[in-house]
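Heads up, the thing below is written out as structure tokens.
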Amino acid sequence: MLNVTHATKAYGNHTILNQVSFSLNSGQIVALAGPSGSGKSTLLRCIQNLEKLDEGTIAHKGTTGFVFQDFQLFPHLTVLDNVAYALRVTKKQTASDALEKAKATLKLLGLKTAYYKMPHQLSGGQRQRAAIARALVLEPDLLLCDEPTSGLDGLSGKNVAELFLTLKNQGVTMLIASHDLDFVSAVADRIIVLNDAAVLKDFMIDAKIQGQLSWDKLLN
Ligand code: ADP
């Protein structure tokens, strides 16, 4: 469903991505892991077409949704309006259809009591789920998620992991940039390790590997 071929990008003379290639199959959760500064966000942003590659191609069937690391919820809108807004603007839905669908999505993500709250009134975990709801309400074929557990406590991180596994069972394909190996090992079917602007490792995570991931092993 997604083919990244020889993706190459530099900022000035700093190469961020150097001939990165991989394909994604639908229905999987794939972790894009790597140290801070290894180009994970840049790659996600290029896939979402928020930035352009210098060289190489990114081809995908269907639509993508993007969950930003800092959520980027509109601070002056309620949680419900944040989610409905995406539908009204992107899908040109009527206000009442958009509100109904937004409510259903928020309910699915356990945010029924947060419809009329403002983003600043939510916990970090709730904000993360609201940002996921805003992307999911558009029913993307591929959900791109940047560091979904950064800034969350352990319990909220576990809840986000459970949510992603539920979404996977509902058929959502996910590419998740993360340097949280506990989280990656709990959710991912496959890990692509970026280091020094290139793919260093790319393998499936089976039961044997789960719980044994360490940066030491991944980067050596
Ligand atoms: P990661 O998500 O793995 O932490 P990023 O993709 O955010 O990595 O960043 C990779 C490198 O690119 C970092 O060194 C960062 O400072 C640099 N970078 C990211 N965005 C820009 C930009 N808009 N202009 C210049 N440098 C950037």
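Below are the figures for this structure:
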| quantity | calculated |
| --- | --- |
| Exceeding the 30 Å Cα-Cα cut-off - candidates 61/92; 61/217; 9/158 | 61/217; 9/158 |
| Nearest-10 value in Å² for the accessible area of residue 204, using the 1.4 Å probe | 100 |
| Hits among aspartates and glutamates - C-alpha to C-alpha of residue 117 under 19 Å, sequence gap 8 or more where chains match | 70, 81, 100 |
| Probe 1.4 Å, protein heavy atoms only - accessible area per residue of the chain in square angstrom | 48 |
| Within the accessible area of the chain (1.4 Å probe), percent carbon and sulfur | 50 |
| Contour minus Cα-Cα distance for residue 141 and residue 202 (0.36 nm per residue) | 19.8 nm |
| Principal axes of the stretch 74-140: Cα extent on each, largest first, Å | 30, 22, 17 |
| Calculated diffusion of the stretch 35-78, Stokes-Einstein form, Kirkwood radius summed over Cα pairs, 25 °C and 0.890 mPa s, µm²/s | 196 |
| Extension reserve of the residue 107-residue 28 stretch, reckoned as 0.36 nm per residue once the Cα distance is removed | 26.1 nm |
| Estimated 222 nm signal from helices in the chain, with DSSP H stretches of n ≥ 4 weighted -39500 (n - 2.57), rounded to 500 | -10000 deg cm²/dmol |
| Ranked order, 60, 6, 76 - accessible area, probe 1.4 Å, largest first | 76, 6, 60 |
| Relative contact order of the stretch 74-140, pairs being alpha-carbon contacts under 8 Å that are 6 or more residues apart, as % | 45 |
| Extension reserve of the residue 63-residue 1 stretch, reckoned as 0.36 nm per residue once the Cα distance is removed | 21.3 nm |
| Spacing of the two label points (7 Å from each Cα toward its C-beta) at residue 182 and residue 121, in nm | 3.1 |
| Pairwise centroid distance, computed over Cα atoms, of the stretch 26-56 with the stretch 88-139, Å | 25 |
| Residues listed by number, the stretch 50-91, amide nitrogen under 15 Å from residue 162 label point at 7 Å toward C-beta | none |
| Inter-label distance, nm, simple model (7 Å from Cα along the C-beta direction), residue 97/residue 85 | 2.1 |
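The values are calculated or read from the model by the stated rules, or taken from the named source; none is laboratory data. From a predicted model like this one, the values you see are computed outputs, not experimental measurements. Note that each Cβ is placed from the backbone with ideal geometry, even for glycine, and that neighbours are counted across all protein chains shown. Surface accessibility is based on the protein's heavy atoms, side chains included, excluding ligands, DNA and RNA. Shrake-Rupley method; radii C 1.70, N 1.55, O 1.52, S 1.80 Å.
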